[in-house]
Amino acid sequence: MKILVCVTSVPDTITKITLTDNNTKLNKAGVQFITGPYDDYALSRAVELKEQLGGSVTVLNVGESDADPVIRKCLAIGADDAIRVNAEPTDAYFVAEQIAAIAKESSYDLILMGRESIDYNGGQVHGIVGEMLGLPSISPVMKLAIEGSTAKITREIEGGHEELEAGLPLVLGCQEPIAEWKIPNMRGIMSARTKPLKVVEPTGKETLTHIANYELPPARGACKMIPASEAETLIKLLRTEAKVI
Amino acid sequence: MSVLIFAELDEGALKKSSLEAIYYGSKVAELTGTSATVLVLGEGNADELAKAGRFGASKVLHASDAQLTEGNAMAYASVVAEAANQEGADVIVLAKSSLADSMAARLAGKLKAGLAANVIELPDVSNGFRVKRSIFTGKAFAFTELTAEKKILAIKKNTITPEETEATATVEAFKPALNNADFAVKVTKVEKATGDILLPEADLVVSAGRGLKGPENWGIVEDLAKALHAATACSKPVSDLDWRPHHEHVGQTGIKISPNLYIACGISGAIQHLAGVNSSKVIVVINKDAEAPFFKSADYGIVGDVFEVLPRLTKAVQAL
Ligand SMILES: Cc1cc2nc3c(=O)[nH]c(=O)nc-3n(C[C@H](O)[C@H](O)[C@H](O)COP(=O)(O)OP(=O)(O)OC[C@H]3O[C@@H](n4cnc5c(N)ncnc54)[C@H](O)[C@@H]3O)c2cc1C
Ligand SMILES: Cc1cc2nc3c(=O)[nH]c(=O)nc-3n(C[C@H](O)[C@H](O)[C@H](O)COP(=O)(O)OP(=O)(O)OC[C@H]3O[C@@H](n4cnc5c(N)ncnc54)[C@H](O)[C@@H]3O)c2cc1C
């Protein structure tokens, strides 16, 4: 089983977002970068499948050198090698084109991604890559089992889930509970230092979108407290003041 | 040029979020001086489909091939691409959903279209094509230019308020050419709660966390939800512990919702939980700990025990 896992380097989920440069850039000062949580699920399942079926796990990021710590952590968790396409990844089509180009160089049985990036929340790179490679893509995947050359998949749908079957190779966007997040151990961290991280230059530079500027949401007003002994007042306020019921 | 709107049916009726998309797409057509056509796949009766007219569309294309009953994202993307081609549509509008999201991703690749997800306002077309979209799960907004000829806008739910008119739309049958390769993924089983209000579509949501102590106590949450005609949701630990199904889990790693009312019961208000609910219009927090961080992001709060407060709220709603 040859698996490619595509990971993003994104601000930690607890980050308070601030802006700089006249609201045209996110302020990276003091921000801790982590692997996208959905990408972490994809990686964890990839490592489990490798342990179970043999094969290899390659991690791929389209990003600049500040993503290297996140890539090293993926190697520490159990990926065998990594590729970074050296470019600022500001557009999903551009990113997909890079991933598709790498995927065409080797024949992967599975290309695993997160269901969406937690920064730009596009949820599209897996679909575009699937289309570029002429492979089926499925997202969001909650369970993945491999039987021979067939994948058995559970996909979340509104109000439930569906079970799917498809032949490999496939492109999948993953989410919980596909696997438990893996935490790197000391041995993993040591061996990650010597695992190969290949840096390659991008192919093409076409983009279809461009962010002009950012804005932060207005703060919510003060919270109106209602004593528990008068809980019924809440219902009255929701009807007469907030007008939502 | 024209605007094509991809609308979804749920149990035969146009989804509320699809009506928002139809209204939004019709407004985009108005702004760009063209017309709006709606594409609907699956079983639906003519009266229901003609309803699209009340939200601004002039025409509905209806494809009801038996092969299109399962929500197959790849086949749907091919059908939408064919309809867009027939209609000469450069802008495709849809509401975010589990089906539309994966359909739109394929479509973006197929048409080489720029896709903006979580769009929350009408575009600015005065100089190019610029949309405002929510990023960082509601923690910021990005004004995004769509520079490609083809554009896909995935609208965030409950952020556009449609206005209805008396207009009607004509309904035409649409017979797409289906391609076997699009059916490479076989659906072997579908499990979907029926009759319940779908959480992502719900206007009102009652949600509960670890403060409920165990799955056996969910009756008080369900009772309040039932009285309000609300959907139920939960925090991540609750679905991790299997107290509630995964499709009820909201937050950073769960479903993102933006209802008119979100009532959080026994949920501490971790930042990852807030990420999924912070665009709710009104937030109510009920927690026995006055220091719970959730109160800082709430509009109304009650410091109290959910086991006492919830039954009283249910009674008060029933008495309305
Ligand atoms: C101004 C700006 C700066 C950015 N800076 C960075 C940065 O420093 N580091 C960074 O990693 N990203 C960066 N991003 C890129 C962002 O994380 C996405 O890669 C890209 O914008 C596509 O976003 P999306 O939300 O559509 O992806 P989605 O379609 O939501 O992503 C789905 C999945 O695709 C895969 N994927 C997405 N992007 C990448 C990628 N870049 N490399 C490998 N796999 C990927 C992941 O598995 C992800 O879970 C930046 C974006 C912008 C606009
Ligand atoms: C990368 C990442 C992603 C995550 N994604 C998500 C996500 O998508 N969604 C999510 O929810 N979490 C997510 N989390 C977890 C999050 O950090 C919190 O751990 C979680 O939200 C806490 O759930 P809770 O509020 O139900 O439980 P707790 O934090 O244990 O809070 C229980 C609350 O109930 C109150 N309480 C107890 N008894 C009563 C009573 N009788 N009456 C009233 N109140 C009572 C307590 O005062 C407390 O505030 C994520 C974490 C990480 C690291």
Exercise for the section: Return the only residue of B:Ala227, B:Ala231, B:Ala208 being in contact with a helix residue (DSSP H, G or I) (Cβ under 7 Å, 6 or more places away or on another chain) and closer than 23 Å to B:Asp289 by Cβ. Expected result: B:Ala208
Practice task
Please note which strands (runs of 3 or more DSSP E) are completely contained in region B:257-320 and include at least 1 residues that are touching a His at 6+ places or on another chain (Cβ under 9 Å) and facing chain A (nearest Cβ under 7 Å).
Solution key: none
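Does A:Val10 qualify as being crowded, with 20+ Cβ neighbours inside 10 Å, of a type in the set (Val, Ile, Thr), outside any helix (DSSP H, G or I) and within 16 Å of ligand 2 (Cβ to nearest atom)?
On the way: crowded, with 20+ Cβ neighbours inside 10 Å: yes; of a type in the set (Val, Ile, Thr): yes; outside any helix (DSSP H, G or I): yes; within 16 Å of ligand 2 (Cβ to nearest atom): yes.
Yes.
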Exercise for the section: Output the residue which, of all residues in region A:106-148 that are touching a residue at least 24 places away in the same chain (Cβ under 8 Å), over 17 Å from A:Ala179 (Cα atoms) and away from chain B (no Cβ under 13 Å), is farthest from ligand 2 (Cβ to nearest atom). Expected result: A:Ser107
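Counting only residues that are of a type in the set (Gly, Ala, Ser) and within 14 Å of chain B (Cβ to nearest Cβ), which one in region A:44-92 is nearest to ligand 1 (Cβ to nearest atom)? Spell out the reasoning first.
Looking only at region A:44-92, we keep the residues that are of a type in the set (Gly, Ala, Ser), and these are A:44, A:46, A:54-56, A:63, A:65, A:67, A:76, A:78-79, A:82, A:87, A:92.
From the residues that got through so far, the ones that are within 14 Å of chain B (Cβ to nearest Cβ) too are A:44, A:92.
On the way: A:Ser44: 13, A:Ala92: 4 Å.
Step by step, filter region A:44-92, then rank; the result is A:Ala92.
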Completion exercise
Taking region B:102-122 and keeping residues surrounded by fewer than 24 Cβ atoms within 10 Å (Cβ to Cβ) and not hydrophobic (A, V, I, L, M, F, W, C) leaves B:Lys110, B:Lys112, B:Glu121
Handout entry: Unique residue being among the charged types (D, E, K, R) and farther than 27 Å from B:Leu111 by Cα when the list is A:Glu163, A:Glu131
Key = A:Glu163
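Sort through A:Arg72, A:Arg84 and tell me the only one that's of a type in the set (Lys, Arg) and within 25 Å of B:Ala108 (Cβ to Cβ). So that I can check it myself, show each step before the final result.
Working: A:Arg72 fails: within 25 Å of B:Ala108 (Cβ to Cβ).
The unique qualifying residue is A:Arg84.
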Exercise for the section: Answer yes or no: is there a residue in region B:237-245 that is crowded, with 24+ Cβ neighbours inside 10 Å, touching a residue at least 24 places away in the same chain (Cβ under 8 Å) and either closer than 22 Å to A:Glu162 by Cβ or within 18 Å of the chain's Cα centre (by Cα) (or both). Expected result: no
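One line per residue, one yes/no per condition, for (1) away from chain B (no Cβ under 14 Å); (2) surrounded by 15 or more Cβ atoms within 10 Å (Cβ to Cβ); (3) at pLDDT below 95:
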residue	(1), (2), (3)
A:Asn185	yes, no, yes
A:Pro196	yes, no, no
A:Glu201	yes, no, no
A:Thr209	no, yes, no
A:Asn213	no, yes, no
A:Ile226	no, yes, no
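The values are calculated or read from the model by the stated rules, or taken from the named source; none is laboratory data. Only a predicted model underlies this, so the values are computations on that prediction, with no experimental measurement involved. Backbone-built Cβ (ideal geometry, glycine too); neighbour counts: all protein chains shown.
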